[in-house]
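What follows draws every value from the coordinates through simple rules; no lab data is involved. On a predicted model such as this, the values are computed, not experimentally measured, just so you know.
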Amino acid sequence: SDRSGSMAMMGASGVENVELAKEAVIRSVDFLQPTDRVGMVGFDARAYWVAEVQPVINRDILQSLIGSLQPGGGTDIMAGMALAAEAMRAETLGERRHIILLTDGGANDRGLVDLTRDLRENDDVTTSVIAIGGETPGFLEEMAIEGGGHYHVASSIESIPTIFTQETVLATRSY
């Protein structure tokens, strides 16, 4: 999940974008089964694990970790995607490996479309993108297409929790 400085902007509701993003992920954990595995990477100018990939056994601890995400500096989507890709390539448990990228897209796009294509073609890892904002860069949709996932534009920041929840249900149930 993007935690760059732009994610500290407030939506029409007066709530920071990063808070809505966290709420989206926290709600989505409620739709996962204990046998599902989930992790969250945060990224700004660098990437780090907010919650390492783990089974959904203790929802409270997992949701508390996700809730600790705070807005930071610049935006390096590749750093976040590379960290998530490494983890997904290492995951051997479960039938489905899926990345949901949540970002406003204000970053260098070098290598991102190629990475999502490579993950799908060579590692059977799919990628969906939830783009925040009215005018999002075209490479985000390309990532979703090449990643074999879905592309969502959250023109209203308040729609992010619903979109994220739908994407989680789709990823775990119908793929």
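Tell me, in nm to one decimal, what length is gained between I57 and D123 on full extension, where the rule is 0.36 nm per residue of separation less the Cα-Cα distance? Kindly include the intermediate steps, with their values, before the conclusion.
Values: separation 66, 0.36 × 66 = 23.76 nm, distance 2.60 nm.
Using 0.36 nm per residue and subtracting the Cα-Cα distance, I get 21.2 nm.
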Principal axis lengths of region 38-167 from Cα atoms, whole Å, largest first? 38, 34, 28
Can you tell me the length gained on complete extension of the stretch Y48 to E86, counting 0.36 nm per residue apart and subtracting the Cα distance? 12.5 nm
Which shape class, rounded, prolate or oblate, goes with region 69-129 when its Cα gyration tensor gives a ≥ b ≥ c as root eigenvalues, a/c under 1.5 marks rounded, and past that a/b bigger than b/c marks prolate? prolate
